[in-house]
Structures are given as C-alpha cells and as structure tokens.
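Bear in mind these aren't lab numbers, they're just calculated from the coordinates by the rules spelled out. Every value quoted in this text rests on a predicted model; they were computed, and no experiment measured them. Reconstructed Cβ throughout: ideal geometry from the backbone, glycine too, with neighbour counts over all protein chains shown.
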Amino acid sequence: MIEMKVPELAESITEGTIANWLKKEGEFIEKGEAIVELETDKVNVEINSEASGVIKQILFQPGDTVKVGQVIAEIAENEKVTNEEKVEQKVKEEVKQTEPLPIEITNEKQPERSPVASPAARKKARELGINLNDVPYSDPLGRIRVEGVEAYKQSLEKQKPVNEKVVNTQKTLNVDDRIERIKMTRRRQTIAKRLVEAKQNAAMLTTFNEVDMSAIMEVRNRRKDPFFKKHGVKLGFMSFFTKAVIGGLKSFPLLNAEIQDNEILLKKFYDVGIAVSTDEGLVVPVIRNADRLSFAGIEKEIGVLSEKARAKTLELSDLQGGTFTITNGGIFGSLFSTPILNTPQVGILGMHTIQRRPVVVDEKDTIEVRPMMYIALSYDHRIVDGKDAVQFLTMVKKLLENPEDLLLEG
C-alpha cells in the first residue's frame, strides 16, 4: 500500500486546504496523474500520484486542512480495476446522482463495533455531539462517512417534540436567516494576515504626487497600431510605469531593498510585481528582470501572468521574489488611495484613475484641461527616508511626463 503524502511545496508553505479530489475511491490512477487539488496561501496546485494503482482510501475531504508530509490517501500499487468493478462503480455514481441521499436510515442499531470513520466524519460527529457507534453505515467495508453522520442527525431532528421545533424555527427567523456565514478561503485569510502584519511591523508612510498623462496618451495613440502590428500586443500604461519605476529604483536603491533582522539586503536586480485582481482576491505575479525587457516584453509578460492569475494556473515561482510592486486601483475607478506594502518589500507604487482636470501649464499661469493621474508611494520609513521617497516619486513623475526618454533609454 502506497501512502499519498502532501509534498514539499515551497519554503514558506507548511499546509494547505483540500480544494477538490480529482479521483474517487476505487478508481484506478496512473503514476504522475493528478489526484487532488490543494489550495495554498498563494496558489492552487495539483498533486500527482507517485504510483499506479487503485485508490483504496481518501483520508480527508474538501475543506480539510492538511500539512506537508501528512498522508491524505492510500493507493494499492499495481492493482487493476476489473470491468465488473468499473460497471458497478458507474452504477453507484448514477444512483448517487439520481438520489439526493442514498443512505438508508433505520431504527435498528448496528452490532457493537469499533467504528471506522473518515477524519471528516469524526470531526462532523464531534461538532454535532453524535456517538459514532450509533451511526448506521451503508459502506460494504463498514466505514462511516460525513453523509451518514448528517443523515443520522436529520433522523434525530425528526424525532424532536413539535414545541422544540417551533422554538428553533423562531430563532432561525429572528437571527439566522438574516446572517450568512461564509468561510474565508485560505488565500483570503493569508491576504488578511499579511496586510495586518504589514501595518504592524513596518513603519509605513505614503507620499503623493500627480502625473500629467498627456504625453503618454499622445505617444500611445500615435504608436499603438504599428506597435501592435509588430509585437502582437497592445501598448498599455503599465509598461511605461514599470520602466519609470525601474529608473527611480536605480537612483534610489533602498526602495529596492529588504530588511532581515538588523541587516539591509540591497537587491541589484529588478523583479517587479504587478498586482492582479481575481475573484478570490489580489495576487502579485512577478515580472523577472524587468529592466532587461523592452516595452513589448513587459506587455507580453503582464498579459501572460494576468491570464494565468484569472485562470488559477499561476505557479509558486510566478509569485516569489519580487523586489517592488505596482498596483493599479484606477482600473476600478479609484481616484486616490494609500497602497499597503507587499512585505518584505519596502516600496509599492499606486496608480489611480485618469481624470481630466484644469491645471496651470506654464509660468504665465495658463490654465488647460489635462488628463491627470494621482500616484502614491507607500514606503517603509525604517530604511527609506522621506526625502528619498519624495525624490523617487518626483523622478517617476518626470519620466512619465517625458515618455520619449523612456522609449529611447529602455
């Protein structure tokens, strides 16, 4: 019998949550074939079987938390599934689909035994205050499952006095029907935890400036068609901002650093994280060596990473090791905000929506309506002085307002 264990995923990941079993008990699985989807703090990963054989037992159910190295299933190596067993399994699946609860509940108790139950069934029994010895089973091997525990609980509820049912109904109408409890996903829990840690552990401050987007918009309008024809991707704002940020980081290297204990780690490479919104929360995939990429290279990387994020196919390597982050709340209409650090990074740039506003454009106090964007830099004041933060943001502003320089230099 082969024990299927949770493998080592990454240095910082010690546990995960069972998201979905891709195979069922009794099914044959090939070596290397995906058996379960595991939700971790950062991404969902598929765990592959280390052997060919029949899945004899699944030890955890979707929603259960499992640790690295923990046995989650057992596989009978080299065992085959006969045609008769395949037919029987198909019939069982069809019956399960047509019957909402194909478990027979009788008043007769099973003979005294030491109950064999899945961890999820034992957990459910504890939550409901049920003795597993009282729960009937329909499994030919005598195993108790969650469905059996819940069905037994339902049979007990039917036997309660009418008055007690009325009281419970009133409580439900007064309270429960107006409140929906939704379990936080592991990723949402991690996001919450890291944001709180960033606020508590870093001396975070934010400085603001605004950018006249006229020049960038003019360059984009003038060059977007030949750019797309040549490279196959659109010329977006993010490549301009990435290049401008890299120019600022090269002049103010402490914003591209990290604090470890009493030391400062100056990073002489530029792996820029781009925040991407998904249905399950914000993720920050990383553009590696962004300083070596052209505008087209950056746009292509952003496109690939964004698509992987929304398709839930990001790998751990896509999310690790960023040195600085850019987040764009402007795509949702945000005019002004304070981004929170993506620790252990010490700097994050926030972009916002473009709004046409009247501004003074020359020394003669000429007023024109220009497309303006507020930008915000949050930084860790423990190693970044306010002067450097302000000058960094000013440099980013100047580079963005002179995009031809960015195109020529990078």
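Structure notes:
- Sequentially through segment 285-295, phi angles give Karplus couplings (6.51, -1.76, 1.60; θ = phi - 60°) of x, 10, 8, 6, 6, 4, 5, 8, 8, 7, 4 Hz, Gly and Pro residues having no value and appearing as x.
- Segment 187-409: translational diffusion in µm²/s, Stokes-Einstein, Kirkwood Rh over Cα pairs, 25 °C, 0.890 mPa s: 136 µm²/s
- Alpha-carbon centroid distance for the pair segment 184-218 / segment 281-307, whole angstrom: 18 Å
- Karplus-derived HN-Hα couplings along segment 342-356 (A = 6.51, B = -1.76, C = 1.60, θ = phi - 60°), whole Hz, x at Gly and Pro: 9, 4, x, 4, 10, x, 8, 9, x, 9, 9, 5, 8, 10, 6
- Dipole of segment 256-410 computed with +1 at Lys/Arg Cβ and -1 at Asp/Glu Cβ about the Cα centre; of Gln355, Thr394, Leu305, farthest Cα towards the positive end is Gln355.
- Rel. contact order, % - alpha carbon contacts under 8 angstrom, at least six apart, segment 187-409: 30 percent
- In a reduced charge model with +1 at each Lys and Arg Cβ and -1 at each Asp and Glu Cβ, segment 186-319 shows a dipole moment near 460 debye about its Cα centre.
- Rounded Å value of the spacing that divides the Cα centres of segment 222-240 and segment 1-68: 42 Å
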